[in-house]
Amino acid sequence: MRVKFYIEKILDELPDDVKLVAISKYHPNEAIMEAYNAGQRIFGESHVQELMQKQPALPQDIQWHFIGHLQTNKVKYITPFVSLIHSVDSLKLLKEIDLQARKSNRIVDCLLQIYVAQEETKFGFTSSELTSALDSLFVDDEWILKNVRVRGLMCMATNTIDENQIHSEFRYAHDIFNDIKKRYFPDDDKFSELSMGMSDDYQIALDEGSTMIRVGSLIFGERHYS
Ligand SMILES: *Cc1c(COP(=O)(O)O)cnc(C)c1O
């Protein structure tokens, strides 16, 4: 009951154009089915092996998002079916996704992860790394990685109770999004997503212009790492 209750509660708070990604990492298929039966179709996982076990066992109309740090040698396992990779944090990784997507005859949607927090454990491009990466991917104004489509940006805020700090990190992410959109994707309607906000900070993220929130523990309860 918990799962359905919280999905409905969160959806009630969401503007129509904001998507809920239910983060199901470390939760069993039964919990995912409870969410599915409540109408949820977008789920996020952060470990390749776990995702590969779940995907074939669950309904095929689920849209799987990958949200964790992705190693290049594991890209090939998810490119055949993944619907969005939120956590692209290097040029090397983006190029590998392009290569593997081509082998599956797919165009894989990706978000570029930007580093906005004050925590060294978090991954992502700084604003200047992002512009130099993107500069290298347009040749004569043409995007060269034909099997990946950059749909926007993703970030994680610092894990803190200081709401002002979280507001300012998300606002900074939104500013970078606007700059990148203007500079590289002005006529591309598909560059439209800003993935930010988790269980503890999604309301702040919504205030700051998130288009996609990633909520796990509020929906599914505590995770049991084993
Ligand atoms: C685990 C995770 C989430 C969900 O976190 P909760 O606090 O459980 O909502 C969101 N985004 C990323 C990148 C995660 O790894």
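The values are calculated or read from the model by the stated rules, or taken from the named source; none is laboratory data. Note that the structure is predicted; figures quoted are calculated from it, not measured. Backbone-built Cβ (ideal geometry, glycine too); neighbour counts: all protein chains shown.
Within the group Ala133, Ala173, which residue is closer than 21 Å to Met212 by Cβ, surrounded by 15 or more Cβ atoms within 10 Å (Cβ to Cβ) and of a type in the set (A, V, I, L, M)? Let's see the steps before the verdict.
Numbers: Ala133 fails: closer than 21 Å to Met212 by Cβ.
Exactly one of Ala133, Ala173 is closer than 21 Å to Met212 by Cβ, surrounded by 15 or more Cβ atoms within 10 Å (Cβ to Cβ) and of a type in the set (A, V, I, L, M), namely Ala173.
Which residues, counting only those in the stretch 25-55, are small (Gly, Ala, Ser), in a helix (DSSP H, G or I) and buried (at least 19 other Cβ atoms within 10 Å of the Cβ)? Within the stretch 25-55, Ala35 is the sole residue that qualifies.
Return yes or no: is Ser210 modelled with pLDDT of 95 or more, within 14 Å of the ligand (Cβ to nearest atom), in contact with a His (Cβ under 8 Å, 6 or more places away or on another chain) and among the hydroxyl-bearing types (Ser, Thr, Tyr)? Don't jump to the end; show me each part of the working.
Working: modelled with pLDDT of 95 or more: yes; within 14 Å of the ligand (Cβ to nearest atom): yes; in contact with a His (Cβ under 8 Å, 6 or more places away or on another chain): no; among the hydroxyl-bearing types (Ser, Thr, Tyr): yes.
No, not satisfied.
When each of Tyr184, Tyr225 is tested for being of a type outside the set (Gly, Ala, Ser) and either exposed (fewer than 15 other Cβ atoms within 10 Å of the Cβ) or closer than 19 Å to Ile42 by Cβ (or both), the lone residue that passes is Tyr225.
Applying the set (1) more than 21 Å from Leu20 (Cβ to Cβ); (2) in contact (Cβ under 8 Å) with a residue 12 or more places away in the chain; (3) surrounded by fewer than 16 Cβ atoms within 10 Å (Cβ to Cβ); (4) touching a strand residue (DSSP E or B) at 6+ places or on another chain (Cβ under 8 Å) to Lys190 leaves exactly one unmet item: (1).
Assess whether Ile7 counts as being among the β-branched types (Val, Ile, Thr), under 19 Å from Glu193 (Cα atoms) and either within 17 Å of the chain's Cα centre (by Cα) or not in a strand (DSSP E or B) (or both). Before you say what the answer is, go through the steps one by one.
Values: among the β-branched types (Val, Ile, Thr): yes; under 19 Å from Glu193 (Cα atoms): no; either within 17 Å of the chain's Cα centre (by Cα) or not in a strand (DSSP E or B) (or both): yes.
So Ile7 does not fit the description; no.
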